[in-house]
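I have placed the structure first, in the form of structure tokens, so that the comments after it can refer back to it.
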Amino acid sequence: MNQVALMGRLTKNPVISYPQGQPSTKIARYTLAVDRMKAGPNGQREADFISCVAFNNVADFTEKYLHQGSKIAVTGRIQTGSYTNREGQKVYTTEVIVNTQEFAESAQKPQQGGYQQQPNNYQSAPQQPVYRPQEAPQAPQYKPQEEYQQQTLNDGFMDVSGLDDAGIPWN
């Protein structure tokens, strides 16, 4: 199984492109800085820089909402490849093909003099407003047992409210 889950910050704004001959296909490329679990030998936290590629609808989301400093959670798969560069040397590539991505923190409130420095040393840029759906409707209120029985007696189902375990047909 080839599946990966990452959480990190974009190191730069995503690069959007369209392959030749396929103008309907959108590609978004970005690098995600992912903190390592343990500090390095000098006590500093270290990060891995993971190349990510998103296509079509996922690339649309990337273009609209992600920018340098955005903290996101990504799921996808690892894809490896290779090519020969201009000097004739074979170059091997590894990138994550993004299936899903979502924000991993809420929008920052501006501080005096800009935005607060994040603990992982990547400067956070202002983020897009967070979409908040309207308040969910309230759950139905509890009804007394008698009122419930009156409403369900004529619905085509057997009324089992007065039966003990021995009277239920599936025992």
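Derivation of every value follows stated rules applied to the coordinates shown; laboratory data play no part. Just so it is clear, the structure is predicted and the values come from calculations on it, not from any experiment. So basically every Cβ, Gly included, is an ideal-geometry build from the backbone, and we count neighbours across all protein chains shown.
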Among the candidates Thr62, Thr31, single out the residue that is among the hydroxyl-bearing types (Ser, Thr, Tyr), assigned to a strand (DSSP E or B) and either in contact with a Cys (Cβ under 9 Å, 6 or more places away or on another chain) or under 18 Å from Val96 (Cβ atoms) (or both).
Thr31
Given the options Thr75, Thr31, Thr62, Thr80, name the one that is exposed (fewer than 13 other Cβ atoms within 10 Å of the Cβ) and of a type in the set (Ser, Thr, Tyr).
Thr80
Could you check the range 66-87 and list, in sequence order, the residues that are in a loop (DSSP other than H, G, I, E, B), in contact with a Lys or Arg (Cβ under 7 Å, 6 or more places away or on another chain) and not small (Gly, Ala, Ser)?
Gln68
Would a scan of the range 35-54 turn up a residue that is of a type in the set (S, T, N, Q), surrounded by 15 or more Cβ atoms within 10 Å (Cβ to Cβ) and over 16 Å from Phe103 (Cβ atoms)?
no
Which pairs have Cβ atoms under 7 Å, sit 6 or more apart or on different chains, and link a residue in the range 25-51 that is farther than 19 Å from Ala73 by Cβ to one that is charged (D, E, K, R)?
Lys26/Asp60; Ala39/Arg45; Gly40/Glu46; Glu46/Arg36
